[in-house]
Amino acid sequence: MSQPLLKGMEGVFIAVKDPEISADWYEEILGFKLTYSEKEAAVMKIAEASQTVVCLVRTVNHQPMKFPENNFGVGQYYNFIPKDLDETYRLLTERGVKVNPIGGEGTTRYFSFYDPDGNPLGVCQ
């Protein structure tokens, strides 16, 4: 196939206990902007220039996302792109977010952190 069928990612869906409470955290801690909210979901824009939205969806009997065990070292489904990895790490730590140590090889560096519902999220640069 010479041309890709898809051109990007429209939305990422994250299971949460309460979309309103989670949306407040994603806004206060990560700086996302709420674009739509209802009882069952909240839609957040990552950044003004980003086409991808994060949709926080209320789930019954919530369980944090768990990436299957693997030998590649991946522990979360999503990696966000920071403006500055070290600054992002510092700010998340200062804001009391559970953050794992920075890792990486070569020019790629990354870390994972957790939202209030225990969902692992990643940052990679």
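Values quoted throughout were computed directly from the atomic coordinates according to the rules given, and no laboratory measurement underlies them. As the structure is a computational prediction, the values presented were derived from the model and not from experiment. Every residue, glycine as well, gets a Cβ built from its backbone with ideal geometry; the counts of neighbours run over all protein chains shown.
Observations on the model:
- Between the range 1-57 and the range 68-125, the Cα center-to-center distance that results, in Å: 18 Å
- Number of Lys pairs (Cα under 26 Å; 8 or more positions apart or on different chains) in the chain: 18
- Between amide H atoms placed 1.01 Å from N, distances below 5 Å from Val53 occur with Gly11, Val12, all of them 5 or more places distant or on a separate chain.
- Computed over the chain, the per-residue total of -39500 (n - 2.57) for DSSP H runs of n ≥ 4 gives a 222 nm mean residue ellipticity of -5500 deg cm²/dmol, rounded to 500.
- With both residues required to sit in the range 1-73, DSSP beta bridges show an antiparallel share near 60%.
- Globularity index of the chain, i.e. its alpha-carbon radius of gyration over 2.2 N^0.38 Å: 1.10
- Cleavage-rule hits (trypsin sites (Lys or Arg not before Pro)) in the range 1-70: DSSP loop, at most 12 neighbouring Cβ within 10 angstrom: Lys7, Lys39, Lys66
- Arranged from fewest to most other beta-carbon atoms within 10 Å of their beta carbon, Ile14, Ile46 become Ile46, Ile14.
- Secondary structure note: in the chain, about 70% of the DSSP beta bridges are antiparallel.
- Shown for Phe72, Phe113: other C-beta atoms within 10 Å of each C-beta, ranked fewest to most, produce the order Phe72, Phe113.
- For the range 1-61, the set of GluC sites (Glu not before Pro) satisfying both a DSSP loop assignment and a count of at most 16 other C-beta atoms within 10 Å is given as Glu10, Glu38, Glu40, Glu48.
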